[in-house]
Amino acid sequence: MEALKAVGVCRAYGKGALKVEVLKDFSLSLEAGAFVALMGPSGSGKSTFLHLAAGLLAADAGSICVDGADVAKMSDAEATKFRRRHVGVVFQDFNLVDSLSVAENVALPVALDGARADGARLKALLGKLGLAGKERRKPCELSGGERQRVAIARALFAEPAVVLADEPTGNLDAAASQAICALLRALNETEKSAILLVTHDPVVAACATDVCFLKDGKIAAHHATEHDPAHVSELYLEACK
């Protein structure tokens, strides 16, 4: 079963003469354990699709199945509960709770679901992310790269079917960005979750195994990245013609 499967998804903003169709008959399939980057020009609907897949927005038409359940048919309350259990989301601006420690931020989705955090899982995951010994620190005591690693740990903690990463390196410098890319690639090899990564940067996209290009509201092409930014750049330029 696919970790994520979108079929015929449509989403528009505005009404009448101001209506803008962002996604038009958009379809995408993500196999369990896959690592796919989604690229496209600004305003092409990359982030919109991630928000739809996470149940943060409602689609106008089509289906988006995550771990076998159609997110597009869920109420807000159902989507919120489903997201805590089956979807991890990594935002560009981290979205950490300033008053909580690193450990509390990572375990937050599980805590909100009324479950007890697995201490061994928490310790192991923080170790993988280079955050061992920083469990009690607050976000304000961390660098930008460390805060994004906390956000990634939070997204992975409940072992979701899919992690949706929206420009996760957008607020980081080049060195931190490269570290996050290497980390995501390593985590994809050791964790169970599939990853869908939205980015405009070929260097970031090259950490994924495959890349899809979004144009005119739908997928225009799908290729292997070969983990080569130059190759991804060439493919992107060709897809944008």
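Just to be sure I understand the curve: with the Debye formula and one point per C-alpha of the range 1-55, what is log10 I(q)/I(0) at q = 0.22, 0.28 Å⁻¹?
-0.92, -1.28
Grab the DSSP H runs of the chain that are 4 residues or longer, score each as -39,500 (n - 2.57), total them, divide by all residues and round the 222 nm result to the nearest 500 deg cm²/dmol.
Theoretical 222 nm ellipticity from helices: -10500 deg cm²/dmol.
Could you give P(r) for the range 78-180, binned at 10 Å from zero, as whole percent values over all Cα-Cα pairs?
Percent of pairs per bin, in order: 16, 51, 29, 3.
How much accessible area per residue does the range 16-84 have, counting only protein heavy atoms and a probe of 1.4 Å, in square angstrom? Before the final figure, lay out each step's value.
Numbers: 3170 Å² over 69 residues.
Per residue, the range 16-84 has an accessible area of 46 Å².
At 25 °C and 0.890 mPa s, what whole-number value in µm²/s does Stokes-Einstein give for the translational diffusion of the range 143-211, with Rh from the Kirkwood sum over Cα pairs?
Estimated via Stokes-Einstein, D reaches 204 µm²/s.
Would you kindly calculate the translational diffusion coefficient of the range 1-143, applying Stokes-Einstein with the Kirkwood radius from alpha carbon pairs, for 20 °C and a viscosity of 1.002 mPa s, and quote it in µm² s⁻¹ without decimals?
Stokes-Einstein gives a translational diffusion coefficient of 124 µm²/s.
Calculate I(q)/I(0) for the chain by the Debye formula, one identical point scatterer on each C-alpha and no solvent, and give its log10 at q = 0.07, 0.10, 0.11 Å⁻¹ to two decimals.
Normalising to I(0) and taking log10 leaves -0.22, -0.45, -0.55.
Whenever you get a sec, compute what percent of the accessible area on the range 54-152 sits on carbon and sulfur atoms (1.4 Å probe).
Solvent-exposed carbon and sulfur of the range 54-152 make up 49 percent of the total.
Quick one: of the DSSP bridges fully inside the range 162-229, what percent are antiparallel, nearest 5?
Within the range 162-229, antiparallel bridges account for around 55 percent of the total.
Checking the table Lys46/Lys81; Lys218/Lys241; Lys73/Lys215; Lys73/Lys192; Lys128/Lys192 against a 18 Å threshold on Cα-Cα, which pairs fail?
Lys46/Lys81; Lys73/Lys215; Lys73/Lys192
Set Lys and Arg Cβ to +1 and Asp and Glu Cβ to -1, take the dipole of the range 15-114 about its Cα centre, and tell me which of Ala103, Ala37, Ser47 lies farthest positive.
Projecting each Cα onto the dipole axis, the largest value belongs to Ser47.
Give me the aspartates and glutamates in straight-line cross-link reach of Lys5: C-alpha distance below 15 Å, same-chain residues under 8 apart excluded.
Asp25, Glu31, Asp67, Asp70
Please compute the contact order of the chain in relative form: average sequence separation of alpha-carbon pairs under 8 Å and at least six residues apart, divided by the residue count, as a percent.
26 percent
Rank these by accessible area, largest first, 1.4 Å probe: Cys212, Cys65.
Cys65, Cys212
The values are calculated or read from the model by the stated rules, or taken from the named source; none is laboratory data. Just so it is clear, the structure is predicted and the values come from calculations on it, not from any experiment. Reconstructed Cβ throughout: ideal geometry from the backbone, glycine too, with neighbour counts over all protein chains shown. All accessible areas refer to the heavy atoms of the entire protein, side chains included, with ligands and DNA or RNA removed. Shrake-Rupley method; radii C 1.70, N 1.55, O 1.52, S 1.80 Å.
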